[in-house]
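Values in this text are rule-based calculations from the coordinates and carry no lab data. Since we're looking at a predicted model, the values are computed, not measured. For neighbour counting, all protein chains shown are included, and Cβ atoms are generated from backbone atoms with ideal geometry for every residue, glycine included.
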Amino acid sequence: MKFADFHEGQTIEAGPYLVTEAEVLQFARAYDPQWFHTDAEAAAEGPFGGLIASGWHTSAIAMRLVTDAALAGSESFASPGLAFLKWPNPVRPGDSLRLVADVIEARRSEKRQHLGILRWRWRLFNQRELPVLDLEATSLFKLPQA
C-alpha cells in the first residue's frame, strides 16, 4: 500500500500464520534462549504448562504480516518506535495467528512535508480469538514534496 491509501479508522487484516514448534525453538535458540522457549520437557512443568514462543518472536510475526499486507512496495522507510507493547497471552506451537491493524492517524509532517507519519495499532489473535500481541507503532514514509 502507498501512504495515500492509509486513512484514519481503516482496519487492515492479515493471516492466518501457523506457528510451528520448530520455528519457536529456532527463534528462541537464536534470540531468546530461556528454558520455557527452548526446553519442551521443562516448559511442560513450568507456569505455562508447555512451550511458548518468545514475545519478540510474536512481534516479528506481526511485523511479517504487516509487511505482507501493507508495507511491501510502500514508501515506508523507518519507525521511531512504539507507544506500547503487550503480550497478554502466550503463543504456543500450533497456534494460528491473525493480525488486525487499525489506523489511528495518517498525516504529513507539518515541519517536513516529504514525511508521512502513520500511527497504528497492531493486534494479533490466536485461533481462540485470544489476544497475544497489542502494540501501537509509528511508521515513517518518504513522500514527494507537496
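Some points to look at:
- Hey, residue 56 over 16 Å from residue 1 (Cβ atoms) and touching a helix residue (DSSP H, G or I) at 6+ places or on another chain (Cβ under 8 Å) or not: yes
- Of the residues making up the stretch 121-136, those that are within 22 Å of residue 84 (Cβ to Cβ) and without any contact (Cβ under 8 Å) to a residue 60 or more places away in the chain are 121, 123, 125, 126, 129, 130, 131, 134, 136.
- Test: residue in the stretch 103-118 that is under 14 Å from the mean Cα position of the chain (by Cα), surrounded by fewer than 18 Cβ atoms within 10 Å (Cβ to Cβ) and among the charged types (D, E, K, R): no
- Positions within the stretch 87-124 being assigned to a strand (DSSP E or B), over 15 Å from residue 69 (Cβ atoms) and not small (Gly, Ala, Ser), in sequence order: 104, 105, 107, 108, 115, 117, 119
- Selected residue (criterion: surrounded by the most Cβ atoms within 10 Å (Cβ to Cβ)) from residues of the stretch 43-62 that are under 12 Å from residue 24 (Cα atoms) and under 14 Å from the mean Cα position of the chain (by Cα): 53
- Looking only at the stretch 64-78, residues that are free of Cβ contacts under 8 Å to residues at least 12 places away in the same chain and either among the charged types (D, E, K, R) or loosely packed, with under 13 Cβ neighbours inside 10 Å (or both) come to 1 in all.
- Residue selected from the stretch 1-33 under the condition in contact with a strand residue (DSSP E or B) (Cβ under 7 Å, 6 or more places away or on another chain) and of a type in the set (Asp, Glu), by the criterion surrounded by the fewest Cβ atoms within 10 Å (Cβ to Cβ): 13
- Inter-residue pairs, beta-carbon under 8 Å, first farther than 13 Å from residue 128 by Cβ and in the stretch 85-98, second of a type in the set (S, T, N, Q) and part of a loop (DSSP other than H, G, I, E, B), 6+ apart: 93/20
- Only one of the numbered conditions (1) part of a strand (DSSP E or B); (2) under 14 Å from the mean Cα position of the chain (by Cα) is not met by residue 65, and that is (1).
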